[in-house]
Amino acid sequence: MKLAVIGLGHTGLVVAAVLAEIGHQVHGFDIESGKRSRISRGHSPFYEPDLDSLIARGLATGRLVISRTLDEAQADAEVVFLAVGTPAANGDAPNLAEFWSAAGQVVPLLLPHAVLAIKSTLPVGTTDELIARFKAQWPDAPPVVNVPEFLRQGTAVADFLRPERVIFGSHSPAALNVMRVVYEPFKLSSETIHECRPVEAELIKHAANCFLAARISYANELANLCGRLGADYEIVRHGLAADSRIGSSFLNAGLGFGGSCFPKDLAALIKTARDAGSPFTLLEATLAANRAQVHRVVALADEMVGGLSGRKVLQLGLTYKAGTDDTRGSRALELAFLLIREGAELTCHDPAYIPTEVGSDQLFTIADDPVSAASRMDLVLIATDWPEFIDLPWSKIVGSMRSARLLDGRNLLDPTEMTAAGFTYRGIGR
Ligand SMILES: NC(=O)c1ccc[n+]([C@@H]2O[C@H](COP(=O)([O-])OP(=O)(O)OC[C@H]3O[C@@H](n4cnc5c(N)ncnc54)[C@H](O)[C@@H]3O)[C@@H](O)[C@H]2O)c1
């Protein structure tokens, strides 16, 4: 089929490259010319495993084309995927300016009977609002499907190639038929595809992220309690996860959840619930617990070194999680700024960090080599769960530090081994 993908960011580029890989003819367009030219040369503008090879293959076969204009991208598209950003806006509902602007450009260019498939995460009710707005302007407005995306950065290609479930939210039976054909090459079982109305599709997306976020806040507050009671959270976690009703995912304790989705989707559903007169108090507590968690880690660091002011701290990790160079909503980056505010002299190392935050690289030193950077430090603090940190030569690091203190903000390391190596070790709830 002939498809277009508008917005080639962390979601749209994966969608475009995978849809080309499974055999569709895909035209991609992004408003940023720098991104378009980088992708046209076969490179993703951001780090995502396996994506470069997929882009290169798509370009080589001609099934993936990066268009220079929106008109060119949509010229003969039967389905147009809209995957522009809906970024967080000051702790409340997401900012939809980018979305409404893109939708306003895309809809008038759609071919008659082409389907508009929305991949951007929209606050509940927005797809119906879009349908109503466009019906008022264009009597022949296109059928719209809300197809929320569940890929995870770091495993995005595999997630999109092998989805656990696909949600099609539409009022149009014809559009649902078209979407089934688009997804046919994935060879999904009939139980994998869920068809519903847009409002339900939007709710499923938010409910999933909010549920996972609630588990993380639960884990963090339980870990904090373990710390107070002298229990080891990791032992408690294993016992908890052994219950098949609970399972092991999203129970890691740490600095709290970040990234470009969880905090924003949580804030959006809280607002939706409040506006609907059905407050979601569990989610309000989830958000409050998350905001507090990074401050608890700062307090722990302060306690370990007897006051952070003037202390030399090496922070390992700045991205919001391992496997990505994304720092949007990163609790690790927030931690870095809080440590500086407390007067720490901060050096940071991250395997993938690209200094994009305004002024961040002027506030702290970036070290390429974490081992030499640890020399003369008062504290090493793990802030992102990069597996690389597990294999660092800790016995070498311990000897070079001014005082061998290790705060494991992601519970990555074995406390017994670290203590035997000579560290004063603290984790989250251990
Ligand atoms: N990142 C994730 O892991 C993830 C997962 C699921 C859903 N989502 C949702 O997908 C949407 C996109 O998120 P993202 O992380 O890919 O954002 P992003 O910022 O990485 O990408 C958005 C892209 O859209 C482009 N764009 C903006 N306006 C445009 C226009 N008018 N025409 C063409 N391109 C335009 C931007 O230049 C940017 O490259 C969001 O709603 C997000 O909530 C993201």
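Expected output is a single nm value to one decimal: the length gained when fully extending between Asp140 and Leu212, i.e. 0.36 nm times separation in residues minus the C-alpha distance. What is it?
Fully extending the segment from Asp140 to Leu212 adds 22.0 nm.
Return a whole-number percent for the relative contact order of the chain, with Cα pairs under 8 Å and 6 or more residues apart as the contact set.
Answer for the chain is 12 percent.
Write out the trypsin sites (Lys or Arg not before Pro) in the range 193-253 meeting two conditions: DSSP loop, and at most 13 other Cβ atoms within 10 Å of their Cβ.
Arg245
How many Å² of accessible area per residue for the range 358-399, probe 1.4 Å?
49
What angle, in degrees between 0 and 90 and rounded to the nearest 10, separates the Cα long axis of helix 262-275 from the longest principal axis of the Cα atoms of the chain?
Long axis of 262-275 versus the principal axis of the chain: about 60 degrees.
On the accessible surface of the chain, probed at 1.4 Å, how many percent belong to carbon and sulfur atoms?
On the chain, the fraction of accessible area on carbon and sulfur atoms equals 53 percent.
Using alpha-carbon pairs under 8 Å, 6+ residues apart, how would you state the relative contact order of the range 2-196 in percent?
20
Test of the criteria: in the range 11-88, which trypsin sites (Lys or Arg not before Pro) are in a DSSP loop and have at most 16 other Cβ atoms within 10 angstrom of their Cβ?
Listed in order of number, the matching sites are Arg41, Arg68.
Quick one: helix 126-137 against the long Cα principal axis of the chain, what's the angle to the nearest 10°, folded into 0 to 90?
Computed tilt is about 30 degrees.
Report the number of Lys pairs in the chain whose alpha-carbons are under 28 Å apart, with separation of 8 or more residues or on distinct chains.
Eligible lysine pairs with Cα atoms under 28 Å apart amount to 26.
Which FRET efficiency, nearest 0.05, do Arg180 and Asp243 yield, Cβ-Cβ r, R0 22 Å?
0.05
Ordering Cys210, Cys261, Cys196 by how much accessible area each has at a 1.4 Å probe, largest first, what is the list?
Cys261, Cys196, Cys210
Measure nothing but the geometry: give the 0 to 90° angle between the long axis through the Cα atoms of 198-229 and the longest principal axis through the Cα atoms of the chain, rounded to 10°.
So the helix axis and the longest Cα principal axis differ by about 10 degrees.
Taking H as built 1.01 Å from N, whose amide H comes closer than 5 Å to the amide H of Tyr47, not counting residues under 5 places away?
Asp325
Starting at the first residue of the range 156-166, write each ³J(HN,Hα) from the Karplus equation 6.51 cos²θ - 1.76 cosθ + 1.60 with θ = phi - 60°, in whole Hz, x for Gly and Pro.
Those phi angles translate into 5, 5, 4, 5, 6, 5, 10, x, 6, 8, 10 Hz.
Along the positive direction of the dipole of the chain (beta-carbon charges: Lys, Arg +1; Asp, Glu -1; about the Cα centre), which of Leu287, Thr126, Pro139 reaches farthest?
Farthest along the dipole direction, towards plus: Leu287.
Dipole magnitude of the chain about its Cα centre, charges +1 at Lys/Arg Cβ and -1 at Asp/Glu Cβ only, in debye to the nearest 20?
Approximately 260 debye in magnitude.
The values are calculated or read from the model by the stated rules, or taken from the named source; none is laboratory data. Model, not experiment: these values are computed from the prediction. All Cβ positions, glycine included, derive from the backbone under ideal geometry; neighbour counts span all protein chains shown. Keep in mind that these areas ignore ligands, DNA and RNA; they rest on the heavy atoms of the full protein, side chains included. Shrake-Rupley method; radii C 1.70, N 1.55, O 1.52, S 1.80 Å.
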